[in-house]
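**Student:** Here it is: the structure, laid out below.
The values are calculated or read from the model by the stated rules, or taken from the named source; none is laboratory data. As the structure is a prediction and not an experimental result, all values here were calculated from the model. Note that each Cβ is placed from the backbone with ideal geometry, even for glycine, and that neighbours are counted across all protein chains shown. Side chains included, ligands, DNA and RNA excluded: accessible areas come from the protein's heavy atoms. Shrake-Rupley method; radii C 1.70, N 1.55, O 1.52, S 1.80 Å.
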Amino acid sequence: MNKGIGGCFGANRGADMSVSSHLCLNDGNRIPVIGFGTYAPTMYPRRTVEEATDLAIKVGYRHIDGAYLHENEAEVGRAIRKNIADKTISREDLFYTGKAGDTLLPVNEDGHYLYSNTDIRETWKAMERCKDAGLVKSIGVSNFNHWQLDRILKKPGLKHRPVCNQVECHLYLNQEKLLRYCKENGIVLVAYSALGSSRDATWRIGEGCPVLLEDPVLNDIASKIKRTPAQVALRYLLQRGIVVLAKSFTKDRIQENMRVFDFELGEEDMTSLYARNKNMRYDRRPMWEDHPKYPFHDEY
């Protein structure tokens, strides 16, 4: 569920190489195109997330991405409250994204995950009630493929369309078909793991995958235009009309990842980066592949 502010009118930009600091959502609210990701592998102490979120807000991030599953919402919340209290920001300045959840990954006595058979259209109806009640400003989805989005969009009595779909998207997974589908239906694509992903043995993330920021083409372009590989990787997605979530717990990188609005990638560089697509996921969550609604069987 997205808690956002502001309003705008008109369509989002298409193939235009220019990038503005916000995109319009289909409900009239606006979303900052750079967000700060707060997921942290278990190797990091929780205070690291709080300190990083505090710094991110202070250097200019106005979009903070959280989730119940991250198990660090209290720390993120403390950083937000601190910055409101010292008047670095007001609550109205900030777009905070959370994800709905209650019981965290329930299992049976044999240790197998307990799955829900709830129709996603019923869940969406409950989300609509949250928006109507003013509990959230905007509502969207995460990790939906186009078939699942279609079930929502064709739901009888649909009151509110999803404003966004947050999915893994980066140089090696360009999500072109899903991006096109989302744009056709007025849904903003939000990219997590936009810089690749940290290895996380707990979730089997990144097993056997190359390090995205070491990609030779990416590094050649970055060297040529005197930017960091991370800045080029983010700018590439932004110029395709995608909102990006940048995650780092290093001060210099948190600052660098925000500096993506004062340069532009030319058509040749965009084409070279687009060709690096491998349809490769860092985060497949193989432990849930037996779920009947597992979204990654269909890469579209």
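**Student:** Please calculate how many Å² of accessible area the chain carries per residue, with a 1.4 Å probe and no DNA, RNA or ligand atoms counted.
**Tutor:** Values: 14770 Å² over 300 residues.
Heavy-atom accessible area per residue stands at 49 Å².
**Student:** Share of the chain's accessible area from carbon and sulfur, percent, 1.4 Å?
**Tutor:** Numbers: 7500 of 14770 Å².
Heavy-atom surface of the chain belonging to carbon and sulfur, 1.4 Å probe: 51 percent.
**Student:** Once you have the Cα-Cα distance between Asp220 and Thr250, take 0.36 nm times their residue separation minus that, and quote the gain in nm to one decimal. Numbers along the way, then the final one.
**Tutor:** Working: separation 30, 0.36 × 30 = 10.80 nm, distance 2.35 nm.
Here the segment from Asp220 to Thr250 would lengthen by 8.5 nm.
**Student:** Using the Karplus curve 6.51 cos²θ - 1.76 cosθ + 1.60 with θ = phi - 60°, work out ³J(HN,Hα) for each residue of the stretch 225-240 in order, rounded to whole Hz, and write x for Gly and Pro.
**Tutor:** Calculated HN-Hα couplings, in order: 9, 6, 10, 7, x, 5, 4, 5, 4, 6, 4, 4, 5, 4, 5, 8 Hz.
**Student:** Further, regarding this structure: For the stretch 115-172, which trypsin sites (Lys or Arg not before Pro) are in a loop by DSSP, counting at most 10 other Cβ atoms within 10 Å? Intermediate values should be presented prior to the final figure.
**Tutor:** Values: sites: Arg121, Lys125, Arg129, Lys131, Lys137, Arg151, Lys154, Lys159; in loops: Lys137, Lys154, Lys159.
Those satisfying the criteria are Lys154.
**Student:** Rounded to the nearest 0.05, what FRET efficiency do Asp132 and Asp93 give with R0 = 22 Å and r taken as the Cβ-Cβ distance? Could you check? Working shown, then result.
**Tutor:** On the way: r = 25 Å, r/R0 = 1.12.
It comes to 0.35.
**Student:** State the extension gain, in nm to one decimal, for the chain segment bounded by Tyr44 and Asn117, taking 0.36 nm per residue of separation less the distance between their alpha-carbons.
**Tutor:** Numbers: separation 73, 0.36 × 73 = 26.28 nm, distance 3.40 nm.
Additional length available on full extension: 22.9 nm.
**Student:** So, one more: If we restrict to alpha carbons, what Rg and Dmax does the chain come to, in Å?
**Tutor:** 18.7, 57
**Student:** Still on this model: How much FRET efficiency would the formula 1/(1 + (r/R0)^6) give for Arg259 and Glu51, where r is the Cβ-Cβ distance and R0 is 30 Å, rounded to 0.05?
**Tutor:** Numbers: r = 21 Å, r/R0 = 0.69.
Rounded to the nearest 0.05, the efficiency is 0.90.
**Student:** Want the number for Asp290 to Lys58: 0.36 nm per residue separation, take away the alpha-carbon distance, what's left? Walk me through the numbers on the way to the answer.
**Tutor:** Values: separation 232, 0.36 × 232 = 83.52 nm, distance 4.28 nm.
Result for the pair: 79.2 nm of gain on full extension.
**Student:** Find the centroid of the Cα atoms in the stretch 227-300 and in the stretch 41-95, then give the distance between the two in whole Å.
**Tutor:** What the calculation gives is 22 Å, centre to centre.
**Student:** When the helices in the chain are scored as -39500 (n - 2.57) per DSSP H run of 4 or longer and the sum is shared across all residues, what 222 nm value do you end up with, to the nearest 500 deg cm²/dmol?
**Tutor:** Working: 9 runs with 91 residues, N = 300.
When only DSSP H runs of four or more count, the value is -9000 deg cm²/dmol.
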